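Chemist: Questions regarding the structure given below will be posed in turn.
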């Protein structure tokens with residue numbers, strides 16, 4: 001896929017580079033389930049070219065219709081598209097181009113358009129095939145599990161919970177039927193329960209993740225960053241242990257390594273009940289998703305930046321003409337209260353550019369924008385119209401009120417010393433043209449034209465003045 005970055009925003013280029021370099025799958029797909037974007041890592045992972053996948057449904061390409069277990073994935077995808085809020089995190093079997101089945105854990109979020117409507121989905125995926133295979137091996141054979149435990153690249157921590165399980169059995173025998181409710185009523189017991197749990201094994205990947213070889217120190221859970229969420233998770237895990245059945249709890253979390261570094265992880269804790277020759281234990285698998293979270297944040301920042309730039313001027317931060325035409329048209333169509341428009345133009349701005357250069361000319365315009373912004377209050381808004389020309393829209397304002405706003409802003413322009421931060425002292429004035437709907441014009445195009453004509457009259461009268469449109473003019 002060609003990467004032509006000519007003329008692109010440097011920030012956007014960095015966002016794209018981060019997404020493309022992330023060792024995670026980054027997928028965008030529309031509400032019909034069709035792929036709109038898959039990063040290079042994802043294309044390589046699934047074995048497709050860009051043109052072979054974009055525009056096609058995920059079902060039948062990277063998602064099989066039916067999982068090996070028999071689960072209907074086509075129905076699952078349909079439900080996800082209809083209710084994305086129910087599938088913030090999901091794990092399912094996926095399919096490579098050659099038919100190989102793989103497991104991927106997905107985090108899904110909705111992307112919205114400027115009106116707030118859901119436009120498409122963003123899914124960040126990580127390959128968890130090894131973990132799934134490790135879990136299957138755990139069920140099949142303790143010996144095979146032990147080998148995989150040590151060899152898997154996913155961080156694994158095993159804890160012996162036999163003492164805690166015996167304590168829970170005694171509580172249940174004594175009439176406590178709801179262990180989780182019992183813990184909520186006796187929150188201080190959680191520390192006692194955790195003291196009954198001992199780390200029995202930590203694989204090499206976990207030592208690397210926690211940045212320690214002292215596995216005994218992990219008994220105190222020193223890496224937990226959010227104690228409140230951790231306590232909630234412990235309650236659910238203890239409740240699972242009390243049932244005597246295999247069960248898992250999964251969540252994203254932030255941990256602190258023993259060297260003080262912060263990492264984002266996807267943690268899945270599985271309760272493994274004891275058998276005749278084995279202890280009851282809890283195994284926690286931690287996948288480092290720090291890079292994925294950074295890519296996700298970069299994508300979110302990119303989305304917000306694109307949304308901002310779709311309505312705002314990049315130089316001044318004021319609204320752009322696209323927003324002006326959409327918003328002003330809506331205001332006038334609503335009827336009712338008056339709506340005034342101010343056209344503002346900097347006097348003899350070309351002399352500033354000719355004397356101090358285009359860069360300082362742009363700086364001057366940037367310094368004008370805050371003056372305008374400070375003179376209005378929502379729902380009033382200002383627009384960078386063209387070059388050194390601005391438009392101010394005052395919903396509900398009469399012509400008299402608009403003239404007063406213009407006069408105040410004209411005085412502020414005269415009082416301001418521009419380019420002081422670069423060691424210059426530039427004085428500027430501005431001219432203003434004011435028109436009001438419906439007195440001066442019946443529609444948006446006419447209102448803007450009348451205000452522009454009033455500005456022209458102000459310029460003709462010697463500049464540094466405010467001119468109102470004549471009724472019917």
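Laboratory data are not the source of any read-out in this text; all were calculated from the coordinates shown. Predicted model only: the values in this text are computed from it and were never measured. All Cβ positions, even for glycine, are placed from backbone atoms using ideal geometry, and neighbour counts span all protein chains on display.
Chemist: Can you compute the modelled spin-label distance between residue 23 and residue 102, with each label point 7 Å from Cα toward Cβ, in nm?
Modeler: 1.4
Chemist: Ranking 358, 167, 229, 437 by Cβ neighbours within 10 Å, fewest first, what do you get? Before the final figure, lay out each step's value.
Modeler: Values: 358 10, 167 17, 229 14, 437 23.
Ranking 358, 167, 229, 437 by Cβ neighbours within 10 Å, fewest first, gives 358, 229, 167, 437.
Chemist: So if each residue of separation counts as 0.36 nm, and I subtract the Cα-Cα distance between residue 333 and residue 112, what length gain in nm does that give? Walk me through the numbers on the way to the answer.
Modeler: Numbers: separation 221, 0.36 × 221 = 79.56 nm, distance 2.58 nm.
Extending this stretch completely gives an extra 77.0 nm.
Chemist: Relative contact order, percent, of region 60-106 when contacts are C-alpha pairs under 8 Å separated by at least 6 residues? Please report the intermediate quantities before stating the final value.
Modeler: Details: 50 pairs, mean separation 16.7, N = 47.
For region 60-106, the relative contact order is 36 percent.
Chemist: If you scale each eigenvalue of the Cα gyration tensor by 5 and take the root, what three semi-axes come out for region 10-127, rounded to whole angstrom and sorted largest first? Kindly include the intermediate steps, with their values, before the conclusion.
Modeler: Details: eigenvalues 95, 69, 31 Å².
Semi-axes from the Cα gyration tensor: 22, 19, 12 Å.
Chemist: Using alpha carbons only, how many degrees (0 to 90, rounded to 10) separate the axis of helix 142-151 from the longest principal axis of the chain?
Modeler: For helix 142-151, the angle is close to 40 degrees.
Chemist: For helix 227-243, what angle does its Cα long axis make with the longest principal axis of the chain, in degrees from 0 to 90 and rounded to 10?
Modeler: So the helix axis and the longest Cα principal axis differ by about 40 degrees.
Chemist: Where both residues lie in region 10-127, what percent of DSSP beta bridges are antiparallel, nearest 5? Kindly include the intermediate steps, with their values, before the conclusion.
Modeler: Values: 27 of 28 bridges.
Antiparallel bridges make up about 95 percent of those DSSP assigns within region 10-127.
Chemist: Between Rg and the Kirkwood Rh of the chain, both from Cα atoms, what is the Rg to Rh ratio? Could you put the intermediate results ahead of the total?
Modeler: Numbers: Rg = 31.8 Å, Rh = 27.6 Å.
When Rh is taken as the Kirkwood radius, the ratio is 1.15.
Chemist: So, one more: Let's test the formula: R0 of 60 Å, r as the Cβ-Cβ distance of residue 325 and residue 224. What FRET efficiency results, to the nearest 0.05?
Modeler: So, using R0 = 60 Å, E works out to roughly 0.70.
Chemist: Tell me, what is the percent relative contact order of region 314-473, built from C-alpha pairs under 8 Å that lie six or more residues apart?
Modeler: Values: 280 pairs, mean separation 45.0, N = 160.
Contact order relative to length: 28 percent.
Chemist: Grab the DSSP H runs of the chain that are 4 residues or longer, score each as -39,500 (n - 2.57), total them, divide by all residues and round the 222 nm result to the nearest 500 deg cm²/dmol. Intermediate values should be presented prior to the final figure.
Modeler: Values: 17 runs with 200 residues, N = 473.
The helix contribution divided over the chain gives -13000 deg cm²/dmol.
Chemist: Between residue 412 and residue 89, what is the FRET efficiency for a Förster distance of 60 Å, r being their Cβ-Cβ separation, to the nearest 0.05?
Modeler: Values: r = 52 Å, r/R0 = 0.87.
Using R0 = 60 Å, I get an efficiency of 0.70.
Chemist: Then there is this: Hey, what did the chain get for relative contact order, percent, Cα under 8 Å, at least 6 apart? Before the final figure, lay out the partial values.
Modeler: Numbers: 785 pairs, mean separation 44.7, N = 473.
Once normalised by length, the contact order is 9 percent.
Chemist: Residue 211 versus residue 386, label points 7 Å from Cα toward the beta carbon: distance in nm?
Modeler: Distance between the two pseudo-spin positions: 5.7 nm.
Chemist: Could you state the angle between the C-alpha long axis of helix 290-311 and the longest principal axis of the C-alpha atoms of the chain, as a value from 0 to 90 degrees rounded to the nearest 10?
Modeler: 20
Chemist: If I histogram all Cα-Cα distances within region 292-440 using bins 10 Å wide from 0, what percent of pairs lands in each bin?
Modeler: 11, 36, 30, 17, 6, 0
Chemist: Whole angstrom only: what separates the Cα centroid of region 283-301 from the Cα centroid of region 371-401?
Modeler: 43
Chemist: What fraction of the DSSP beta bridges in the chain is antiparallel, stated in percent and rounded to the nearest 5?
Modeler: Details: 78 of 83 bridges.
Of the beta bridges lying entirely in the chain, close to 95 percent run antiparallel.
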